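J.: Shown below is the structure under consideration.
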Amino acid sequence: MKLYLTDIRSLPEDIAPLLPLLSDGRRLRLWELSGEKNRRRCLASGLLLRKVLGSDEVLLSEFGKPYLPGSEPFSLSHSGNYVALAVAAQPVGVDIEAHRPLPFFALAARCFAPSERVSADSLPAFFDLWTAKESLAKMLGVGLALSMRRYVLERVENGFLCPTFPELSLISLPLLPGYSMTICSAEAFGGEMIWVTL
């Protein structure tokens, strides 16, 4: 399993010359987004997919899990200034979230099981659990709404454990200050993170 990361700040100020590198579908999606930062994340995601997997023409499964026909399983996430792409031989999920102000106690009460709320007692801890839940949902290929409270997670030394799926590892990766990131798979993650300049 490999984890690729890129910083959208490495993109040139004028992104127009890079747009022809994207598939028609991703270009259309890019222009439907509001805000320059959202468009830059979409562009960086497409360029990273092309660079690593050879295409950004992603298809969606019944529950919205992205895939490329004939490609290895992958998972893509972006937040703030970063895009993360996990590629593995088995299904994988990755989620990254920038820590941003929000009513995390109220969200934890609505989204997390009572036993989980104990470990979500600060903004960073909330986002650690959130990214673990989202990476699990992405790995399983189910919508986030189906997995938020259905699958209870327990905090362990390097991330989380899901008793429903004890074969899975949910590894927290605290490598970016002000961000939470979790990678989920039955495949072992050796910690290899590859920074990609677009």
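J.: Would you point out the residue of segment 18-32, among those that are under 20 Å from the mean Cα position of the chain (by Cα) and over 16 Å from residue 8 (Cα atoms), that is surrounded by the most Cβ atoms within 10 Å (Cβ to Cβ)? Full working, then the answer.
T.: Filtering segment 18-32 down to residues under 20 Å from the mean Cα position of the chain (by Cα) leaves 26, 29-30.
Keeping just the survivors that are over 16 Å from residue 8 (Cα atoms) gives 26, 29.
Numbers: 26: 20, 29: 16.
Among those that are under 20 Å from the mean Cα position of the chain (by Cα) and over 16 Å from residue 8 (Cα atoms), it is 26.
J.: Going by the structure shown, is residue 116 free of Cβ contacts under 8 Å to residues at least 40 places away in the same chain and either touching a strand residue (DSSP E or B) at 6+ places or on another chain (Cβ under 6 Å) or over 26 Å from residue 83 (Cβ atoms) (or both)?
T.: Judged against the criteria, residue 116 is a match.
J.: Taking segment 168-188, which residues are closer than 15 Å to residue 74 by Cα and at pLDDT 95 or above?
T.: So in segment 168-188, the residues closer than 15 Å to residue 74 by Cα come out as 182-188.
Selection gives 182, 183, 184, 185, 186.
J.: OK, next. Quick one: which of 3, 49 is of a type in the set (A, V, I, L, M, F, W, C), free of Cβ contacts under 8 Å to residues at least 60 places away in the same chain and closer than 28 Å to residue 192 by Cβ?
T.: Sole residue among the options that is of a type in the set (A, V, I, L, M, F, W, C), free of Cβ contacts under 8 Å to residues at least 60 places away in the same chain and closer than 28 Å to residue 192 by Cβ: 49.
J.: Tell me yes or no: at least one residue of segment 158-172 is among the charged types (D, E, K, R), more than 13 Å from residue 127 (Cβ to Cβ) and in contact (Cβ under 8 Å) with a residue 40 or more places away in the chain.
T.: Scanning segment 158-172 turns up no residue that is among the charged types (D, E, K, R), more than 13 Å from residue 127 (Cβ to Cβ) and in contact (Cβ under 8 Å) with a residue 40 or more places away in the chain.
J.: Grab the helices (runs of 4 or more DSSP H) fully contained in segment 1-115, keeping just those with 3 or more residues being within 30 Å of residue 190 (Cβ to Cβ) and among the small types (Gly, Ala, Ser).
T.: Result: 36-53.
J.: Separate question: Can you go through 143, 191 and tell me which one is over 18 Å from residue 86 (Cα atoms), modelled with pLDDT under 90, surrounded by fewer than 21 Cβ atoms within 10 Å (Cβ to Cβ) and among the small types (Gly, Ala, Ser)?
T.: The match here is 143.
J.: Name the residue, out of 132, 120, 86, 98, that is over 12 Å from the mean Cα position of the chain (by Cα) and hydrophobic (A, V, I, L, M, F, W, C).
T.: Step by step, each of 132, 120, 86, 98 is checked, and only 120 is over 12 Å from the mean Cα position of the chain (by Cα) and hydrophobic (A, V, I, L, M, F, W, C).
J.: Another one. Listed residues 97, 157, 116; which is among the charged types (D, E, K, R), out of contact with any Lys or Arg (no Cβ under 7 Å at 6 or more places or on another chain), at pLDDT 95 or above and surrounded by fewer than 23 Cβ atoms within 10 Å (Cβ to Cβ)? Spell out the reasoning first.
T.: Details: 157 fails: at pLDDT 95 or above; 116 fails: at pLDDT 95 or above.
Every option except 97 fails the conditions.
The values are calculated or read from the model by the stated rules, or taken from the named source; none is laboratory data. Since we're looking at a predicted model, the values are computed, not measured. With ideal geometry, Cβ positions are generated from the backbone for all residues, glycine too; neighbour counts draw on all protein chains shown.
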